[in-house]
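What follows is one structure encoded as structure tokens, with my remarks underneath.
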């Protein structure tokens, strides 16, 4: 095999790539388009101005990272609701099992992916922070 | 031009200083922006963008890099031999720049009634209209480019570190083996030109409307000279002396700050020099169409040729991985050396029958 042809072929390939459109995304100024089924930050679905969650404990049970803390409470209509609903984002592995397990479609995952923070306690998302933003 | 110093008109000295400054600043700027161009070109060849943030499309990147390197801490290892350690970057850098003294970058231009040949080490005899330059210009360039290896070996030795030493040893072995083939490759050009003066060599290539280039008569020699030059200046695919994966950073492992930058400036300045030399010896130097009518086109053609060759260097870097050490030596001694010797013999035989 002569050693020149592969080099020429390689040079041809690099030259053709020179004229391709770069795939780079200039991140902070250019934003990526998040896929429809992307699993980012969680959000609690709201219906009639309150969270749909009925505190059935299926999501903390199925959670493989054990990052969801739920405490049930009773409201004025004697209905069960989540008095406390916290997700520890430092432990969450964004598997989406909580969404799958939920019988009342109370939790979903959004396209939000910039979850960096300065303090550890800021990574624990309380119910107020998780409620979906309309 | 009344005033004369040492029998030469004042204008001679002014022109000389101007030429030195222009050539030096040209090389310096080219070196700075070669780093930028390289990152951009390789970036786009890898379907990336390269530097984009410093200035418009990253145009201020070389300046930012330079300023950053200036403010880095200057470290001299405690076990290093200080004097050699400090002088090594200078020894690497200076030969890279002084090589430009003999490279003609244009024809004769006339400024205020005084003729100036565009080559630093040259002088025009007004009476006969002949340009005199260093008549062993190519030997001078070969001598200077082999001086460059001292800087690298000294850096490797003075650092007193095993990686640096290995890098330095590799560099010396590589440079010596490839200099041989590079030298022999240009011998065939001398056989055609019959002179070592670069100005003469360029003038001889002005035939056929500025396209009587030696690359058409000596394609093999041009090809081999360019490859050997790449190896001599430690460019990829022959960048073994600073193979990051094996030797950390080779001979410049222990260097920091501006001393480190000087090695890189030397590398890029050597690239400019080698491309300029290849352009001069094989691509007709500053020759091109219409240079006789418009003398200022000469430098334009020359710079264009140098930049095209530098683009080829970067293109090769984006394409080829590094050679293994035994492959490098095999290529140098068993392929390029016999080929260049054969080329000389063939040139001799063909030249004998043609004349």
| Among the residues of region B:7-25, is there at least one that is in contact (Cβ under 8 Å) with a residue 60 or more places away in the chain and within 17 Å of residue B:264 (Cα to Cα)? | yes
Just one listed residue, out of B:41, B:98, B:25, is within 30 Å of residue A:18 (Cα to Cα), in a helix (DSSP H, G or I) and touching a helix residue (DSSP H, G or I) at 6+ places or on another chain (Cβ under 7 Å), and it is B:41
When region B:19-43 is checked residue by residue, the ones that are over 17 Å from residue B:273 (Cβ atoms), away from every other protein chain (no Cβ under 14 Å) and surrounded by 13 or more Cβ atoms within 10 Å (Cβ to Cβ) are B:36
(1) in contact with a helix residue (DSSP H, G or I) (Cβ under 6 Å, 6 or more places away or on another chain); (2) more than 25 Å from residue A:32 (Cβ to Cβ); (3) in a helix (DSSP H, G or I) all hold for residue A:98 apart from (2)
| message | Just to be sure before I move on: is residue B:109 under 25 Å from residue B:29 (Cβ atoms), touching a residue at least 60 places away in the same chain (Cβ under 8 Å), over 24 Å from the mean Cα position of the chain (by Cα) and surrounded by 15 or more Cβ atoms within 10 Å (Cβ to Cβ) in the structure I sent? | response | yes
Output for Cβ contacts, cut-off 7 Å, separation at least six or different chains, first residue at the interface with another protein chain (Cβ under 7 Å from one of its Cβ atoms) in region A:2-21, second loosely packed, with under 13 Cβ neighbours inside 10 Å and not in a helix (DSSP H, G or I), reads none
*Yes or no: residue B:15 away from chain A (no Cβ under 14 Å), part of a helix (DSSP H, G or I) and buried (at least 18 other Cβ atoms within 10 Å of the Cβ)?*
yes
Restricting attention to region B:44-56, the residues that are out of contact with any helix residue (DSSP H, G or I) (no Cβ under 8 Å at 6 or more places or on another chain) and either away from chain A (no Cβ under 11 Å) or touching a residue at least 24 places away in the same chain (Cβ under 8 Å) (or both) number exactly 1
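Given the criteria out of contact with any strand residue (DSSP E or B) (no Cβ under 6 Å at 6 or more places or on another chain) and more than 10 Å from chain B (Cβ to nearest Cβ), does residue A:24 qualify? Write out each step before concluding.
Numbers: out of contact with any strand residue (DSSP E or B) (no Cβ under 6 Å at 6 or more places or on another chain): yes; more than 10 Å from chain B (Cβ to nearest Cβ): no.
No; evaluated as a whole, the condition is false for this residue.
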Per the list (1) surrounded by fewer than 16 Cβ atoms within 10 Å (Cβ to Cβ); (2) in contact with a strand residue (DSSP E or B) (Cβ under 8 Å, 6 or more places away or on another chain), residue check on residue A:70 breaks on (1)
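Read-outs throughout are calculated quantities, based only on the coordinates presented, and are distinct from any laboratory measurement. Predicted, not measured: the structure shown is a model, and the values here were computed from it. As a convention, Cβ positions derive from the backbone with ideal geometry for all residues, glycine included, and neighbour counts pool all protein chains shown.
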